[in-house]
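The next block holds one structure in the form of structure tokens; read it before the comments.
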Amino acid sequence: MTEMGIASIVAMLGWLVLVIAGYRSYRLGASKTIQLILIWSAIFVTVGLLFSVMV
């Protein structure tokens, strides 16, 4: 792996840590988190299917 690839992975991990810390600041429970994951997954799958049907 090149140096740029390693730097990219480190940067993405840093962003992931920031996102997780920001999400944890809302202090949502596990059930609410799972509900949000399912809702957003359904939205992305629906939009992906719509785009794949149109193309």
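The values are calculated or read from the model by the stated rules, or taken from the named source; none is laboratory data. Everything numeric here is computed off the predicted structure, so don't read it as measured data. Cβ sites come from the backbone with ideal geometry, for glycine too, and all protein chains shown count toward neighbours.
What are the pairs, 6+ residues apart or on separate chains, where a residue within region 12-24 that is in contact (Cβ under 8 Å) with a residue 12 or more places away in the chain has its Cβ under 8 Å from a residue that is polar (S, T, N, Q)?
From region 12-24, no pairs qualify.
Which one of these is among the β-branched types (Val, Ile, Thr), more than 16 Å from the chain's Cα centre (by Cα) and at pLDDT 95 or above: Val47, Val17, Val10, Val55?
Result of the check over Val47, Val17, Val10, Val55: Val10.
Considering region 20-44 alone, what residues qualify as being outside any helix (DSSP H, G or I) and either within 16 Å of the chain's Cα centre (by Cα) or of a type outside the set (A, V, I, L, M, F, W, C) (or both)?
Once the filter is applied, which keeps residues that are outside any helix (DSSP H, G or I) and either within 16 Å of the chain's Cα centre (by Cα) or of a type outside the set (A, V, I, L, M, F, W, C) (or both), region 20-44 yields Ser25, Tyr26, Arg27, Gly29.
Being of a type in the set (Ser, Thr, Tyr) and surrounded by fewer than 10 Cβ atoms within 10 Å (Cβ to Cβ) is the filter here, so list the residues in the chain that pass it.
Answer for the chain, where residues must be of a type in the set (Ser, Thr, Tyr) and surrounded by fewer than 10 Cβ atoms within 10 Å (Cβ to Cβ): Thr2, Ser25, Tyr26, Ser31, Ser52.
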